[in-house]
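I have placed the structure first, in the form of structure tokens, so that the comments after it can refer back to it.
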Amino acid sequence: MGTQEAISYGVPMIGIPLFGDQRVNIQSYVKKKVAISLNSISDVTEEKLTSALNTILKDPIYRENTQKLSRLFLDRPMSALDTAIYWVEYAAKYGNFLQSPAVRFSWWQRRLLDVYAFLLFVVSAVLLAALFILRKIKRLLFGLRVYAKDSTVIKSKKNK
């Protein structure tokens, strides 16, 4: 929740991604100029941390972008608690209506085996068609030759 809280309060961030999706998340904030990323915990030095702090505190673009993102984040028709209450009541009221259509699929459809089979068929058909066309082109270019045991040409389309 740290990044959401920082955005909510309009505070620029210095991120040190440790695992999981943290690297992707902090990079998206770096692109928006609301954060600075220090690559890993083993990379953090006093100089890098001081430089990041000075940049965050002295460059107004970080504060401005974070304030703008905060306004976007907080401008919603209902508060987060009211939204959660609404959806819990909605689910309780309508029950199975919110159920995923996937529960009515067979096991092989849920695992997308029908899609994979179709894709395999299409790829195989394209490869076979390409092979057929290449063989036809090869025969047109080089002709069909049949050799006897003594390596002399018996029949050739080009020799006719």
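Here, each number is a calculation from the coordinates, and none is a lab measurement. Treat the numbers as computed from the prediction; the structure is a model and nothing was measured. Backbone-built Cβ (ideal geometry, glycine too); neighbour counts: all protein chains shown.
Would you please give the residues with an amide H less than 5 Å from that of Ser37, counting only those at least 5 places away or on a separate chain, with H modeled from the backbone geometry?
Sorted by chain and number, the residues that satisfy this are Gly15.
Quick one: net charge of Ser51's neighbours, Cβ under 14 Å, K/R +1, D/E -1?
Neighbourhood net charge equals -2.
Just one of (1) 178; (2) 127; (3) 349 is volume of the Cα convex hull per residue in Å³ as worked out from the coordinates here. Which one is it?
Given (1) 178; (2) 127; (3) 349, the structure-derived one carries the label (3).
Where does the chain land at 222 nm, in deg cm²/dmol rounded to the nearest 500, when only DSSP H runs of n ≥ 4 count, each adding -39500 (n - 2.57), divided by all residues?
-19000 deg cm²/dmol
If you only keep lysine pairs separated by 8 or more in sequence, or across chains, how many in the chain come under 25 Å at the Cα atoms?
Going through the chain pair by pair, I get 23.
Order the peptides 48-55, 124-131 from the highest to the lowest mean number of other Cβ atoms within 10 Å of their residues.
Top of the packing list down: 48-55, 124-131.
In whole Å, how far is the Cα centre of the range 112-142 from that of the range 1-70?
51 Å
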